[in-house]
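Data block below; observations after.
The values are calculated or read from the model by the stated rules, or taken from the named source; none is laboratory data. From a predicted model like this one, the values you see are computed outputs, not experimental measurements. Positions of Cβ are backbone-derived with ideal geometry, glycine not excepted, and every protein chain shown enters the neighbour counts. Each accessible area value is taken on the protein alone, full model and side chains, heavy atoms only, with ligands, DNA and RNA left out. Shrake-Rupley method; radii C 1.70, N 1.55, O 1.52, S 1.80 Å.
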Amino acid sequence: MIQAGFARVDVTPPLGTPISGYFNARYAKDVRDPLQINALAIGNGRESILILSFDVVAIAQNYADELRERISQKTGVPASHVMLCALHQHTAICLGGREIFWPVKDELYLRHFYRKVVDAAQMAIADMTETRVFTAETQTAKEIAFVRRYWMADGKMRTNPNTEKHGKPVRRCDESDNTVRLIRFCREGKKDIAYVNFSTHPDVIGGSRFSADWPGFVRRFVETENDALCISVTGFQGDSNHLDFFKSKEERFPHGKGYDHSRYMGRVIADAVKKIWNGGTEHTADAICGDVQTVYNKTNTAGMEYYDEAAQYVKDFEAGMPQKTAHIGDVATAYRILDLRTAPLYQPVVVTVLSLGDILFAGLGGEPFTAYTHAAHAAAKGKTVFCSCCTNGYQGYLPHKRAFEEGGYEVSNTFFTPSLEAQIVEKMGEMLGNFD
């Protein structure tokens, strides 16, 4: 017998709280829409798993580890059965991590946040009731996610290229994933629960107002149109966003920029959910498992000999001197070199796998490139997989091996080396295979 429960709590911080997501300080001036924690509990009468999605940029691993332990103490659900998934909106806050992420340091708010996390987990457990489980997937009617790394006519790879300066791209480095993946929990006597999974950066709006970006719109549209509850989870998205650089600037936003485009993306995803709402495959197996392991990759120390130059560059950048002309890749590289002075010899990446029968949830503690989605599905050997980024920790971009040869912003910003892909793929395959 499968059971499912849902809970939602508001964790919108006070105005004046730092907003994370870029290399410049932003402080919240207003609230477009609330920041939330949405919790999904799944059980079989003996064991349970918990998936919590957060309207935050990232949750550092030390925060995530402590939160999972607190949840376990209050609910009895093992910490290894808990997934904390940051949705990575760039109009939200960051819990811990590098100073360039502008993490929240308000101790009063952090204590409030911690209590709300545990509340959401407890409430979701208390809400569990018998359910039927269906999964389905479909492609969006219109492409809204695009790999942002392009080969240019000059033979160079550029992330989010300046087409006015470098001309039109020749081709994308990889194919994006425009698949909407759905789990529908059909509950007797209570509202159904929709778990909606889509992969691209929630980096559409910008500015200094709190917002849940397109995942927030997905939740609101799905709930209104299907009389349901909805938890949205961002998939592997490290190399993708909402911009199509094969189109002109005017053509990229036919429905308006910023909040209007975010609404449009939510609309497209919700329409895909509606299309598959009454279909899909029913799953009856109720075995529950969970595992959390860590991969360690040797720290990328390239550029240490340029420490003094990097320090001066960052000093000038923070003073506003080169900001108008600075390339984001140069900024990222300079910050990475500075951080190497205190970086450990090896970088950890948390790998989390939960299972409900033949449904698997695979999470990585960072921003994996889209290619890792294909690796997870291949390793699952026919089982249904739902991937989540920024899960149970955050270690920045997780590029694939080829990207290290191609270069670009994401690689210049990472502490990892080309061996990372093989380590993650092997670990995911091992863990996914353990739940046969």
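Label points 7 Å out from Cα along the Cβ direction at residue 306 and residue 251: separation in nm?
Here the modelled spin labels are 3.5 nm apart.
With r defined as the distance between the Cβ atoms of residue 422 and residue 340 and R0 fixed at 25 Å, what FRET efficiency is calculated, to the nearest 0.05?
Values: r = 23 Å, r/R0 = 0.93.
So the FRET efficiency works out to roughly 0.60.
So what is the relative contact order for the range 358-436, in percent, with contacts set as C-alpha pairs under 8 Å and at least six apart? Walk me through the numbers on the way to the answer.
Working: 112 pairs, mean separation 27.0, N = 79.
With pairs under 8 Å counted, the relative contact order is 34 percent.
Once every DSSP H run of n ≥ 4 in the chain is given -39500 (n - 2.57) and the sum is divided by its residues, what mean residue ellipticity at 222 nm do you get, rounded to the nearest 500 deg cm²/dmol? If you can, show how the numbers build up before the last one.
Working: 12 runs with 132 residues, N = 436.
Per the formula, -9000 deg cm²/dmol.
Just the number please: accessible area per residue for the chain, 1.4 Å probe, all protein chains included, in Å². Mind dumping the intermediate values first?
Working: 17320 Å² over 436 residues.
That works out to 40 Å² per residue.
Got a sec? Charge dipole of the chain, +1 on Cβ for Lys and Arg, -1 for Asp and Glu; which of 424, 328, 248 is way out at the positive end?
Positive-most Cα among the choices belongs to 248.
With a cut-off of 19 Å, note down the residues of the range 177-216 whose backbone N falls inside the zone around a label point 7 Å from the Cα of residue 132 toward its beta carbon.
Answer for the range 177-216: 182-195.
Using only Cα atoms, find the angle between the long axis of helix 107-126 and the longest principal axis of the chain, and express it within 0 to 90 degrees, rounded to the nearest 10.
Result, in degrees: 30.
As an exercise, use a Förster radius of 22 Å and the Cβ-Cβ distance of residue 123 and residue 191 to find the FRET efficiency, rounded to the nearest 0.05. Don't skip to the answer; put the middle values down first.
Values: r = 14 Å, r/R0 = 0.65.
Working from the Cβ atoms, E equals 0.95.
Within 12 Å, Cβ to Cβ, of residue 177, how many net charges do the neighbouring residues add up to if Lys/Arg are +1 and Asp/Glu are -1? Before the final figure, lay out each step's value.
Working: positive: 181; negative: 137, 143, 174, 175, 239.
Surrounding charge for residue 177 is -4.
Using amide H atoms built in the peptide plane, which far-off residues or other-chain residues are under 5 Å from residue 173 H to H?
149, 150, 151
What angle, in degrees between 0 and 90 and rounded to the nearest 10, separates the Cα long axis of helix 307-318 from the longest principal axis of the Cα atoms of the chain?
80
Whole angstrom only: what separates the Cα centroid of the range 187-221 from the Cα centroid of the range 233-302?
10
Taking the Cα centre of the range 138-216 as the origin, how large is its charge dipole in debye, to the nearest 20, when only Lys and Arg (+1) and Asp and Glu (-1) carry charge on their Cβ atoms?
Values: 15 positive and 10 negative charges, 9 e Å.
Magnitude of the dipole: close to 40 debye.
How large, in percent, is the carbon and sulfur part of the accessible surface of the chain at a probe radius of 1.4 Å?
Values: 8480 of 17320 Å².
Roughly 49 percent of what the probe reaches on the chain is carbon or sulfur.
Using only the alpha-carbon atoms of the range 1-136, report the extent along each of the three principal axes, biggest first, to the nearest angstrom.
Principal-axis extents of the range 1-136 (Cα, largest first): 50, 29, 24 Å.
Can you give me the relative contact order of the chain as a percent, contacts being Cα pairs under 8 Å and 6 or more apart? Kindly include the intermediate steps, with their values, before the conclusion.
Values: 1057 pairs, mean separation 77.0, N = 436.
18 percent.
Going by the alpha-carbon gyration tensor, a ≥ b ≥ c the square roots of its eigenvalues, is the range 258-335 rounded (a/c under 1.5) or, if a/c is not under 1.5, prolate (a/b greater than b/c) versus oblate? Don't skip to the answer; put the middle values down first.
Numbers: a/c = 5.52, a/b = 1.73, b/c = 3.20.
It is oblate, given that a/c is not under 1.5 and a/b is not larger than b/c.
Just to be sure I understand the model, the point goes 7 Å from the Cα along the line to the Cβ. What's the resulting residue 166 to residue 1 distance in nm?
The answer from the label model is 5.9 nm.
Any chance you could list the semi-axes, whole Å, largest first, of the equivalent ellipsoid that the Cα gyration tensor gives for the range 64-194, using √(5λ)?
Numbers: eigenvalues 299, 129, 27 Å².
Semi-axis lengths for the range 64-194 are 39, 25, 12 Å.
Cα gyration tensor of the range 44-120, axes a ≥ b ≥ c as square roots of the eigenvalues: rounded (a/c below 1.5), prolate (a/b > b/c) or oblate?
Values: a/c = 2.31, a/b = 1.86, b/c = 1.24.
Prolate, since a/c reaches 1.5 and a/b exceeds b/c.
Just to verify a number: FRET efficiency for residue 10 and residue 66, C-beta to C-beta distance, R0 = 22 Å, to 0.05? Please report the intermediate quantities before stating the final value.
Values: r = 22 Å, r/R0 = 0.98.
It comes out at approximately 0.55.
How big is the gap, in Å, between the Cα center of the range 343-360 and the Cα center of the range 1-53?
Between the Cα centre of the range 343-360 and that of the range 1-53, the gap is 20 Å.
Could you work out how far helix 420-433 tilts from the main Cα principal axis of the chain, as a 0 to 90 degree angle to the nearest 10?
0
Charges only on Cβ, +1 for Lys and Arg, -1 for Asp and Glu: so what's the dipole of the chain about the Cα centre, in debye to the nearest 20?
Working: 49 positive and 53 negative charges, 136 e Å.
For the chain, the charge dipole is close to 660 debye.
What's the ranking of 398-404, 211-217, 311-317 by average number of surrounding C-beta atoms within 10 Å, highest first? Walk me through the intermediate numbers first.
On the way: 398-404: 21.1, 211-217: 27.9, 311-317: 15.3.
Taking the mean over residues of other Cβ atoms within 10 Å, the ranking is 211-217, 398-404, 311-317.
Go through the range 285-292 residue by residue and turn each phi into a ³J(HN,Hα) via Karplus (6.51, -1.76, 1.60, θ = phi - 60°); whole Hz please, and just put x for glycine and proline.
5, 10, 5, 10, 9, x, 8, 10
Based on the Kirkwood radius over alpha-carbon pairs, what is the Stokes-Einstein translational diffusion coefficient of the chain at 10 °C with 1.306 mPa s viscosity, in µm²/s? Walk me through the numbers on the way to the answer.
On the way: Rh = 21.9 Å.
My calculation gives 73 µm²/s for D.
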